[in-house]
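Below you'll find the structure, written out as structure tokens, and then a few comments.
Read the figures in this text as sums done on the coordinates, not as results from a lab. Please read all numbers here as calculations on a predicted model, not as lab measurements. Glycine gets a Cβ as well: all are built from the backbone with ideal geometry, and neighbour counts include every protein chain shown.
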Amino acid sequence: MLADFTIHIHEARKPLAVQVKIHDSTAALRMAAKKHAIAWDDKDADFSDTCGICHCFHMQGDPVVALVRLAPPHIGAGVVAHEMAHAAVHLWEVQHKWETKHRITNGKDEWFCWVLGELVRQTTIQLIERKIY
Ligand SMILES: [Zn+2]
């Protein structure tokens, strides 16, 4: 494991966080994703083409609602932004209690965009500090 850190989102209705794991290799990432899926009762999940993933969940009393897995060489800005966008969409849903009236629309997207920026910013800092970038 190259890195394992948690990003906390404080500007929310309750403590929210995203855990980020940077695996040594794509093979290690796929194995960990498979283990996670089996633990969450999804035995048929196929990760053979996966280069990055965002597992989303929600457990009472746990601020961590997403786990993003990344691994070299798929560690560039594109993959980071892609997986963090998945996490930000899930954070939006938790923040708005899955109420369909709260759609992400132009003009009402500031919190979503701020969360996405924060996730990408903090991940980038961690990747730089660990000399992965
Ligand atoms: Zn995707």
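Of all the residues that make up region 95-117, how many are in contact (Cβ under 8 Å) with a residue 60 or more places away in the chain and crowded, with 19+ Cβ neighbours inside 10 Å? Explain how you work it out, then say what you get.
Our first condition is that a residue be in contact (Cβ under 8 Å) with a residue 60 or more places away in the chain; within region 95-117, this holds for 95, 111, 114-115.
Cutting the leftovers down to crowded, with 19+ Cβ neighbours inside 10 Å gives us 95, 115.
Residues meeting the conditions: 2.
Exactly one of these conditions fails for K97: (1) of a type outside the set (D, E); (2) part of a helix (DSSP H, G or I); (3) at positive phi. Give me its number.
In the conditions (1) of a type outside the set (D, E); (2) part of a helix (DSSP H, G or I); (3) at positive phi, K97 misses (2) alone.
Could you list, in sequence order, all residues of region 68-83 that are over 14 Å from I132 (Cβ atoms) and free of Cβ contacts under 8 Å to residues at least 40 places away in the same chain?
Residues satisfying the conditions are G78, A81, H82, E83.
Which of the residues spanning region 68-79 are hydrophobic (A, V, I, L, M, F, W, C) and away from the ligand (no atom under 12 Å from the Cβ)? Break it down stepwise before answering.
Start the filter on region 68-79 by keeping residues that are hydrophobic (A, V, I, L, M, F, W, C), which leaves 68, 70-71, 75, 77, 79.
If the condition is that a residue be hydrophobic (A, V, I, L, M, F, W, C) and away from the ligand (no atom under 12 Å from the Cβ), then L70, A71, I75, A77 are the ones that fit.
Kindly indicate which of M59, M84 is more than 16 Å from the ligand (Cβ to nearest atom) and among the aliphatic types (A, V, I, L, M).
Values: M84 fails: more than 16 Å from the ligand (Cβ to nearest atom).
That would be M59, the only listed residue that is more than 16 Å from the ligand (Cβ to nearest atom) and among the aliphatic types (A, V, I, L, M).
I'd like the full set of residues that are surrounded by fewer than 20 Cβ atoms within 10 Å (Cβ to Cβ) and touching a His at 6+ places or on another chain (Cβ under 7 Å), limited to region 27-37.
A32, H36
Could you list all residues from region 43-56 that are of a type in the set (G, A, S) and either more than 12 Å from the ligand (Cβ to nearest atom) or more than 14 Å from the chain's Cα centre (by Cα) (or both)?
Initial filter on region 43-56 (of a type in the set (G, A, S)): 45, 48, 52.
Once the filter is applied, which keeps residues that are of a type in the set (G, A, S) and either more than 12 Å from the ligand (Cβ to nearest atom) or more than 14 Å from the chain's Cα centre (by Cα) (or both), region 43-56 yields A45, S48.
Out of the residues in region 65-81 that are under 10 Å from the mean Cα position of the chain (by Cα) and within 22 Å of W114 (Cβ to Cβ), state the one that is surrounded by the fewest Cβ atoms within 10 Å (Cβ to Cβ).
Keep residues of region 65-81 that are under 10 Å from the mean Cα position of the chain (by Cα), which gives 65-70, 80-81.
Keeping just the survivors that are within 22 Å of W114 (Cβ to Cβ) gives 65-68, 70, 80-81.
Working: V65: 22, A66: 25, L67: 19, V68: 24, L70: 26, V80: 21, A81: 16.
That would be A81.
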